[in-house]
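Here the structure is laid out as structure tokens; the discussion comes afterwards.
The values are calculated or read from the model by the stated rules, or taken from the named source; none is laboratory data. Quick caveat, the model's predicted, so the values are computed rather than measured. Positions of Cβ are generated from backbone atoms using ideal geometry, with glycine treated the same way; all protein chains shown enter the neighbour counts. Note: accessible area is taken over every heavy atom of the protein model, side chains too, but ligands, DNA and RNA are not part of it. Shrake-Rupley method; radii C 1.70, N 1.55, O 1.52, S 1.80 Å.
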Amino acid sequence: MKIYHLKSKDQESRVDNYLKDAYIPAMHRAGIKDIGVFKPVTSDTASGKRIYVLVPLKSLDQLVSLPEKLQKDAAYQAAGKDYIDAEYKNPPYSRIQSTVLRAFEKSPVMKKPNLSSPKSDRIYELRSYEGHTEKIYWNKVKQFNAGNEIGIFDRLGFNAVFYGEVVSGATQPNLMYLTTFSDKASRDAHWKSFGDDAEWGKVKSMPEYQNNVSKNVTLFLFPTDYSDY
């Protein structure tokens, strides 16, 4: 996951154009499909200041080799010229933050949400659960897998795109996952059903899964019109 930090509408527009016209087409040519591009909802103070890019990869080797592949893609170089050849006095972003995630055992691949609502209405909820220590963090990962938290989300129709262990990122130890809903009302209704679910009630009360999250960071995003998700 790459997060572009932006200072202006001009930078936002330039990164949008780069992703839409150069980056995503080049990734598709490289055999990497389903690139997700998301922005904070308008009510968020980060609205207009962040762009989240979700890239599904098969290995760390694929991640490391990507820059060289892009450098050899003439169509990418031409379409992304404004971004790639930007002068130091006029950069298209202020900084890029990257997070590398490994898919959970019980959810090994990313999935497109089964939604029919317009992209502009959808709510994508990105959650990060931080742990007090590495051992306690792994206990929360176990709760998702062996404790069937993933299965409960799936049964209740949360349309999860991914569940991932953060291998490299800013707030380790932590895990992240992304669920999707047709709109905010649907999101609220789904979380109510989760809170009322009998199986979840049993799982969350198990002694072995107590106090395994130190901080929950929740972000509400929407997909851009050119996002594959």
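Restricting the search to the stretch 1-54, which residues are touching an Asp or Glu at 6+ places or on another chain (Cβ under 9 Å) and assigned to a strand (DSSP E or B)? Within the stretch 1-54, 4, 36, 37, 39, 50, 51, 54 meet the criteria. Remark: pairs (first residue in the stretch 105-131, of a type in the set (A, V, I, L, M, F, W, C); second residue open to solvent by 90 Å² or more (accessible area, probe 1.4 Å); Cβ separation under 9 Å; 6+ apart in sequence or on different chains) = 123/184.
This table checks each residue for (1) within 23 Å of residue 163 (Cα to Cα); (2) modelled with pLDDT of 95 or more; (3) under 18 Å from the mean Cα position of the chain (by Cα).
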position: 3; (1), (2), (3): yes, yes, yes
position: 39; (1), (2), (3): yes, yes, yes
position: 48; (1), (2), (3): no, no, yes
position: 53; (1), (2), (3): yes, yes, yes
position: 56; (1), (2), (3): yes, yes, yes
position: 70; (1), (2), (3): no, yes, no
position: 79; (1), (2), (3): no, yes, no
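Checking each residue in the stretch 40-64 for being open to solvent by 40 Å² or more (accessible area, probe 1.4 Å) and of a type in the set (Ser, Thr, Tyr) picks out 42, 43, 45, 47, 59. Every test in (1) under 15 Å from residue 220 (Cα atoms); (2) crowded, with 19+ Cβ neighbours inside 10 Å; (3) not aliphatic (A, V, I, L, M) is passed by residue 14 save one, and that test is (1). Taking the conditions (1) assigned to a strand (DSSP E or B); (2) open to solvent by 70 Å² or more (accessible area, probe 1.4 Å); (3) not acidic (Asp, Glu) in turn, residue 90 satisfies each one other than (1). Taken over the stretch 112-140, the criterion of being among the basic types (Lys, Arg), surrounded by fewer than 14 Cβ atoms within 10 Å (Cβ to Cβ) and modelled with pLDDT of 95 or more is satisfied by 135 alone.
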